[in-house]
Amino acid sequence: MKLKLLTTISFFTYQLSISQTEKLLHGKVLSQNLTLKDVEVINKTTQTSTRTNELGEFSILVKMKDSLIFYSKDYFFTRLKITTKDIESNNLLVNMILKPEELNEVVINKVEFDKVKISADDVADVLISKNAKDLFWNTGVSDNSIREALRVSFPLKGKQKKTIEVADDRFKKLVVAVCPSDFFIKNLKIKPQEKELFIDFCDSDPKSKTLLENPNVLAVMDFLYTKNEEFKKLE
């Protein structure tokens, strides 16, 4: 009985020492079996960060239950919570998913076609040939076909250059990529129905555009916390 008690105490003491002591965790970031360099690895719990090297490898101080964030502008945001198994293995493998390419702007350029020259005789020949095959034209008996149901005319020469402008939603996409799905409700205490309104409120601030020039997870979150205080004062 005493032996079991000592074993149990030793186990919990070992677990406690792991959870309270920072360890240097090594790992590698991959996508489709290819290593990723310059991925930002952030320990959100301790507010420290590093980047992956040419081989996709990184090292960062962690302890059990720390929250690690992996961010790269071309990949979906990834978050992991450190476990005892991660610390003991000391070889964390992180797989990131590549984002699909996004079309920011579509421009339709002026298009010109060669003029089609058709003489009156050519048109007459076509009509005569068509009517010769028409049962109703020759006999007056309907064959239940629909004649001249729809006429559509297309301009043969482009008139002007047309530009389709797409709304600038880069900040919204950055927020979605950086923040976990429950960040707004649990961390910012924002009601679900007010989430879109809050993001629009943040997007209207010129500072949001500076975050697009050099995306940084910590900077984005700090900005959202600051704007949250302003947003609450509007109520």
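The values are calculated or read from the model by the stated rules, or taken from the named source; none is laboratory data. Please read all numbers here as calculations on a predicted model, not as lab measurements. Positions of Cβ are backbone-derived with ideal geometry, glycine not excepted, and every protein chain shown enters the neighbour counts. When the accessible area is computed, the model is the full protein with side chains, heavy atoms only, and any ligands, DNA or RNA have been set aside. Shrake-Rupley method; radii C 1.70, N 1.55, O 1.52, S 1.80 Å.
Residues in the stretch 37-85 that are closer than 19 Å to Lys99 by Cα, among the acidic types (Asp, Glu) and not in a strand (DSSP E or B): 2 in all.
Could you please find all residues in the stretch 86-102 being part of a loop (DSSP other than H, G, I, E, B), in contact (Cβ under 8 Å) with a residue 60 or more places away in the chain and among the charged types (D, E, K, R)? I'd like the intermediate steps shown before the answer.
Within the stretch 86-102, the subset part of a loop (DSSP other than H, G, I, E, B) is 90-91, 96-97, 99-102.
After this cut, where a residue has to be in contact (Cβ under 8 Å) with a residue 60 or more places away in the chain as well, the list is 90-91, 96-97, 99, 102.
If the condition is that a residue be part of a loop (DSSP other than H, G, I, E, B), in contact (Cβ under 8 Å) with a residue 60 or more places away in the chain and among the charged types (D, E, K, R), then Lys99, Glu102 are the ones that fit.
I'd like to know if the stretch 20-38 contains one or more residues that are modelled with pLDDT under 50 and either exposed (fewer than 13 other Cβ atoms within 10 Å of the Cβ) or not aromatic (Phe, Trp, Tyr) (or both). Steps first, answer last, please.
First pass over the stretch 20-38, keeping only residues modelled with pLDDT under 50: none.
The answer is no; no qualifying residue exists.
The single residue among Asp66, Asp74 that is under 26 Å from Asp222 (Cβ atoms), modelled with pLDDT under 95 and exposed (fewer than 13 other Cβ atoms within 10 Å of the Cβ) turns out to be Asp74. Residues that are modelled with pLDDT under 90, over 23 Å from the mean Cα position of the chain (by Cα) and farther than 25 Å from Leu174 by Cβ do not occur anywhere in the stretch 80-103. When the stretch 176-235 is limited to residues that are aliphatic (A, V, I, L, M) and farther than 23 Å from Ile69 by Cβ, the one that is least open to solvent (accessible area, probe 1.4 Å) turns out to be Leu197.
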